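The next block holds one structure in the form of structure tokens; read it before the comments.
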């Protein structure tokens, strides 16, 4: 993969693409990134596909709607998402909620 970089934002599913020839799922995802510019809240959106026959396509279902740090790059002329993990802010918020309800 070429030109890889990390993007922090909310991962959203745009559509499910046809499965690979081996039957593995593929997705077209969007990463919504908020960048304040001169006091305004502008939203930048990156669209990327999961790679063909990638095990990450099975993990991405659990990350939709959550803030992630995603590794995105170019593969065969198209933007692909290679991996993603929950951002530290998301993990700390989940830990706070889990600890609040633990007796």
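The set of residues in region 12-27 that are within 10 Å of the chain's Cα centre (by Cα) and at pLDDT 90 or above is empty.
Taking first residues from region 26-45 that are exposed (fewer than 10 other Cβ atoms within 10 Å of the Cβ) and partners that are assigned to a strand (DSSP E or B) and at pLDDT 60 or above, the Cβ contacts under 8 Å between residues at least 6 apart in sequence or on separate chains come to 41/34. With respect to (1) part of a strand (DSSP E or B); (2) modelled with pLDDT under 90, the lone exception for residue 48 is condition (2).
What number of residues within region 62-87 are out of contact with any strand residue (DSSP E or B) (no Cβ under 8 Å at 6 or more places or on another chain) and either closer than 18 Å to residue 11 by Cα or modelled with pLDDT of 90 or more (or both)?
We begin by selecting, within region 62-87, every residue out of contact with any strand residue (DSSP E or B) (no Cβ under 8 Å at 6 or more places or on another chain); these are 62, 76-77.
The next check asks that each one be either closer than 18 Å to residue 11 by Cα or modelled with pLDDT of 90 or more (or both); those that pass are 62.
Residues that pass the stated criteria total 1.
The values are calculated or read from the model by the stated rules, or taken from the named source; none is laboratory data. What you are looking at is a predicted structure, and each value in this text was computed from that prediction instead of being measured. Here the Cβ is made from the backbone with ideal geometry for all residues, glycine too, and neighbour counts use every protein chain on show.
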